[in-house]
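Q: Quick one: structure below, then a few questions.
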Amino acid sequence: MFERFTQSARDVVRESRLHARRLGHEQVRAEHLLLAVLSGDTQGGVVLRELGLQYDALEKEVGALGHADAAALQSLGVDLDAIRAQAEAAFGPDALRPRPATRRRGLLRRRRPAEERDHLPFTPGAKRALEQSLRQAIALKHREIRAEHVLLGLLATDGDPAAVVLAGLGVGPAAVRDCLTGRLSDAA
């Protein structure tokens, strides 16, 4: 399937990993793919911005997704911020931050940071969105999968994670689908 991805679609996948890593998430979610589409210069990103989606608002919403466990612990009376402050007071700043692992490689045994070699896994929702992008391209009779197809795959149904986030931010997934499908049909 990935051999059908254009450079713009591959860029979305690569950028989604960077967004997930920057937000401190351990997996790439469908919402990270949405962030990558929005931050790009593709028709999908243009449509999202025209419909009023703000990058900062989406980033804040996606960043909060990774903190659901902290909220659950808070409801049990466990304050992670207090625990972090105590650990840093005892052991120094960033005491709880994992150190990047290095691995020897090649003839000269050079080391490179784990961030450069480790790929974050995709959640089932993100994988499903990428599979849906193929279906969207086929439905539009396109031979290749572009970033716009990835966006359509993210919003295949109103119950998809990215569609739920968009709706929560006041951007209707159906409006995005209609506008983008119209533009892709006109371009064909």
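The values are calculated or read from the model by the stated rules, or taken from the named source; none is laboratory data. As the structure is a computational prediction, the values presented were derived from the model and not from experiment. When we count neighbours, we look across all protein chains shown, and the Cβ atoms used for this are built from the backbone with ideal geometry, even at glycine.
Q: Kindly indicate whether ARG177 is basic (Lys, Arg), surrounded by 13 or more Cβ atoms within 10 Å (Cβ to Cβ) and either at pLDDT below 90 or touching a strand residue (DSSP E or B) at 6+ places or on another chain (Cβ under 9 Å) (or both).
A: Values: basic (Lys, Arg): yes; surrounded by 13 or more Cβ atoms within 10 Å (Cβ to Cβ): yes; either at pLDDT below 90 or touching a strand residue (DSSP E or B) at 6+ places or on another chain (Cβ under 9 Å) (or both): no.
In short, no.
Q: Taking the conditions exactly as written (in a helix (DSSP H, G or I), of a type outside the set (Val, Ile, Thr) and more than 17 Å from the chain's Cα centre (by Cα)), does ALA163 satisfy them or not?
A: In short, no.
Q: Next up: What about ASP56, is it assigned to a loop (DSSP other than H, G, I, E, B) and modelled with pLDDT of 85 or more?
A: Taking the combined requirement at face value, the residue does not satisfy it.
Q: Any residue at all in region 61-70 that is in contact with a helix residue (DSSP H, G or I) (Cβ under 8 Å, 6 or more places away or on another chain), modelled with pLDDT of 85 or more and part of a helix (DSSP H, G or I)?
A: The answer is yes; a qualifying residue exists.
Q: For SER133, only one of the following conditions fails: (1) free of Cβ contacts under 8 Å to residues at least 12 places away in the same chain; (2) surrounded by 17 or more Cβ atoms within 10 Å (Cβ to Cβ); (3) of a type in the set (Ser, Thr, Tyr). What is its number?
A: The one condition SER133 does not meet is (1).
Q: Residues to consider are LYS127, LYS141; find the one that is at pLDDT 90 or above and assigned to a helix (DSSP H, G or I).
A: Numbers: LYS141 fails: assigned to a helix (DSSP H, G or I).
The match here is LYS127.
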